Amino acid sequence: MALRKPQTSSPYAIRFAQPGDLDEIARIESESFRIPWKREFFASELREPYRYARVLAGLEGAVPGIGGYLFAVSLYEEFHVNKIATDSRVRHRGYGRQLIEDAIERARTAGASTITLEVRVSNLAAREFYRSYAFREAFRRKNYYQDGEDAFALVLALTRRG
């Protein structure tokens with residue numbers, strides 16, 4: 001379980017998600033989304049191949065102990081972000097950026113040519129966040145969410161380094 005070096009003075013480091021993290025992941029999920037994934041779904045993601053599941057793990061004294069998470073799947077040339085969230089107590093401190101930058105680096109390392117994800121049309125803050133990384137709104141998925149709201153499918157084209 002290698003921890004990625006945290007940002008300067010960050011109380012969190014990025015590491016692979018583990019079964020012991022699931023209660024905190026499920027809590028953050030239920031506080032962050034209108035229609036949250038169930039804990040069992042996150043547990044199944046930890047067992048599936050080609051999955052990339054990361055958490056912001058608190059270092060000594062960090063509250064909350066898990067500051068956020070990112071779940072993705074890497075298939076062929078696509079890296080698809082299924083879920084990303086940070087604990088409401090530590091939002092707007094750059095931790096979401098740590099998670100997405102970790103995912104972008106992983107996607108490049110895996111040889112992906114694109115990163116994709118869906119975002120609610122009404123989630124203007126998330127859309128602006130992804131726009132800051134040059135994600136573009138590729139198309140609209142009608143009635144994508146269980147409550148009938150549409151989603152934008154976002155795409156980030158990756159350039160190879162070196």
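A few comments on the model shown:
- Ala112 vs. criteria in contact with an Asp or Glu (Cβ under 7 Å, 6 or more places away or on another chain), crowded, with 17+ Cβ neighbours inside 10 Å and farther than 27 Å from Arg27 by Cβ: yes
- Residue count for segment 128-144 under the criterion of being surrounded by fewer than 16 Cβ atoms within 10 Å (Cβ to Cβ) and either among the aromatic types (Phe, Trp, Tyr) or in a strand (DSSP E or B) (or both): the result is 7.
- Residues of segment 75-110 satisfying the condition of being of a type in the set (Gly, Ala, Ser) and either assigned to a loop (DSSP other than H, G, I, E, B) or touching a helix residue (DSSP H, G or I) at 6+ places or on another chain (Cβ under 7 Å) (or both): Ala85, Ser88, Gly94, Gly96, Ala110
- Any hit, segment 98-112, residues being in contact with a strand residue (DSSP E or B) (Cβ under 8 Å, 6 or more places away or on another chain), at pLDDT below 95 and of a type outside the set (A, V, I, L, M, F, W, C): no
- Residue list for segment 118-139, filter: charged (D, E, K, R) and touching a Lys or Arg at 6+ places or on another chain (Cβ under 7 Å): Glu118
- Given (1) buried (at least 17 other Cβ atoms within 10 Å of the Cβ); (2) assigned to a helix (DSSP H, G or I), index of the condition Glu40 fails: (1)
- The residues listed here are Ala125, Ala153; of these, the one that is farther than 24 Å from Pro19 by Cβ, without any contact (Cβ under 8 Å) to a residue 40 or more places away in the chain, among the small types (Gly, Ala, Ser) and assigned to a helix (DSSP H, G or I) is Ala125.
- Among (1) touching a Phe, Trp or Tyr at 6+ places or on another chain (Cβ under 7 Å); (2) part of a strand (DSSP E or B) - the single one Tyr52 does not satisfy: (1)
- Number of the condition not met by Tyr145 [criteria: (1) closer than 23 Å to Gly94 by Cβ; (2) touching a residue at least 40 places away in the same chain (Cβ under 8 Å)]: (1)
The values are calculated or read from the model by the stated rules, or taken from the named source; none is laboratory data. Not measured: the values here are computed from a predicted model. Positions of Cβ are generated from backbone atoms using ideal geometry, with glycine treated the same way; all protein chains shown enter the neighbour counts.
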